[in-house]
1. Tell me yes or no: at least one residue of the range 41-62 is closer than 30 Å to Arg210 by Cβ, buried (at least 18 other Cβ atoms within 10 Å of the Cβ) and among the basic types (Lys, Arg).
2. Just for the range 229-241: of the residues that are in contact (Cβ under 8 Å) with a residue 40 or more places away in the chain and not charged (D, E, K, R), which one is surrounded by the fewest Cβ atoms within 10 Å (Cβ to Cβ)?
3. Mind checking which pairs have a first residue in the range 85-98 that is within 15 Å of Thr4 (Cα to Cα) and open to solvent by less than 40 Å² (accessible area, probe 1.4 Å) and a second that is in a helix (DSSP H, G or I) and not polar (S, T, N, Q), Cβ under 8 Å, 6 or more apart or different chains?
4. Consider Cys22 carefully, then state whether it is open to solvent by 20 Å² or more (accessible area, probe 1.4 Å), in a strand (DSSP E or B), of a type in the set (A, V, I, L, M, F, W, C) and touching a residue at least 24 places away in the same chain (Cβ under 8 Å).
5. Restricting attention to the range 43-85, and to residues there that are of a type in the set (Lys, Arg) and within 13 Å of the chain's Cα centre (by Cα), which single residue is farthest from Leu95 (Cα to Cα)?
6. I'm told Val132 meets every condition in (1) outside any loop (DSSP other than H, G, I, E, B); (2) without any contact (Cβ under 8 Å) to a residue 40 or more places away in the chain; (3) open to solvent by 40 Å² or more (accessible area, probe 1.4 Å) except one. Can you identify the failing condition by its number?
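The values are calculated or read from the model by the stated rules, or taken from the named source; none is laboratory data. Just so we're clear, the structure is a prediction, and the values are computed from it rather than from any experiment. Every residue, glycine among them, receives a Cβ derived from its backbone with ideal geometry; neighbour counts consider all protein chains shown. Each accessible area value is taken on the protein alone, full model and side chains, heavy atoms only, with ligands, DNA and RNA left out. Shrake-Rupley method; radii C 1.70, N 1.55, O 1.52, S 1.80 Å.
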Amino acid sequence: LPNTVERIAQFRERKKIPFLVCLVDDGSSDQTPKVMEDLQKKYGDWLQTHRTSRNKGKGNAIREGASKLAPHVPYLVFTDCDLYYGLNVISDRILPALHAGADLVILDRSWNRQFHQGSALRRFVSYAFNHVKTVLTGVVFEDSQAGMKGFRTDFLKAVIPVAKINGFAFDVELLSIAVQYRFRVEQIPIRRLASHTPEGSSVTLRNAVRMLLDLSRIARARFSNSYSTPYFEERVARQAYEIVDEETQT
């Protein structure tokens, strides 16, 4: 965390962007809360912290962090703590895309052959996950799990009250709602040129089963209209083109 926050502080100074940061501790049992408290004192008001009472999952952690920042900013970005994707992509591509009208911006690694490498288990799980994901949730984007995404705050504020997934499939849930209610999703194709190596893969059979159960929950919510709100329905209605019987027109 200290190294991560120092990199963010240097980026903030270099780019002269007055953004806020919220570190979210998802119920850790070590000294992480104390480390976060010390960092907040060191860097001041632009660095905020939040801790959940118990471990609930990445989806819940990001929703709670987003809720804390939402009243103060027009756009929100989340990233994994190892900063695997760096920070320049935020200022160079994600923020301009949001400013230009995108509601949700995702990074896309799928076009690159490196994305499809790895162990046989990882490739099989990825292949199966993407096909099941499309059938159950309507999400056609092959790369839904990259650990950095950007949002218009209005989109997240509308989604947070109806979102249900606390685990790693929360990305898919956000995309499923965005697709269903015709929000604009922009993909940014990326390719890593640096030598930074991410932490070990979380692709295991146990996690794959959990993801499948979460996809089933998203499908049930989607087809039972559990995500429906007056705001979402009105949004689609405003975009709808009304077809009338031309024979009745004069």
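1. Yes.
2. Only one residue tops the list, namely Gln239.
3. Leu87/Arg7; Leu87/Ile8; Leu87/Phe11
4. Criteria met by Cys22.
5. Residue satisfying both the conditions and the ranking: Lys58.
6. (2)
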